[in-house]
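Novice: Sharing a structure here in structure tokens format.
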Amino acid sequence: MKIKTGALALLLTALYILTGCNSKQKDNLEGVWRLTNLEINGTNLNGASLGDWKWEFNEEGGYLTDVAGAREKGLYKLSGQTLKLKSVTHKERPEQVLTIVSLDSVNMHLQTADTGANISNLYFIKMKERQYE
């Protein structure tokens, strides 16, 4: 009985820690992000040279991208270091899977998660509310 109780306590502690980490990730993700740099297969492109790229994530699990005026709405799922984006605007588009390399309250680094020939790294900075009102 003591072993079962100890195992249960350990399992609950692990779940609490994992849930807390995912919650912190979600809190950091929520807001409006501006692309600062895009790296494709080792080639760096300044975000400003690509137009005005903004991605917004809300607490309800929705996202909005605005890439040089082209807008897309969708739903996102966050699980550990995996971010999945499913477009509502373009339902035929397959789900996009990104790996969160790093994320804090100011900076976000995403990488394409597919193992295809093209590896992209996207670097964002979180915008302050007054910057996008």
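Novice: Here is the link list: Lys77/Lys128; Lys91/Lys128; Lys26/Lys86; Lys24/Lys126. Which ones come out longer than 19 Å on Cα distance?
Specialist: With Cα atoms farther than 19 Å apart: Lys77/Lys128; Lys91/Lys128.
Novice: Could you order Glu59, Glu92, Glu30 so the one with the most accessible surface comes first? Probe is 1.4 Å.
Specialist: Glu92, Glu59, Glu30
Novice: Continuing with the same structure: Mean 1/r over all different Cα pairs, inverted: what Kirkwood radius does the stretch 43-117 give, in Å?
Specialist: That comes to 13.5 Å for the stretch 43-117.
Novice: I need the semi-axes of the equivalent ellipsoid of the stretch 84-123: take the C-alpha gyration tensor, multiply each eigenvalue by 5, square-root it, list largest first in whole angstrom.
Specialist: For the stretch 84-123, the semi-axes come out at 21, 15, 7 Å.
The values are calculated or read from the model by the stated rules, or taken from the named source; none is laboratory data. Since we're looking at a predicted model, the values are computed, not measured. Only protein heavy atoms, including side chains, enter the accessible area calculation; ligands, DNA and RNA are left aside. Shrake-Rupley method; radii C 1.70, N 1.55, O 1.52, S 1.80 Å.
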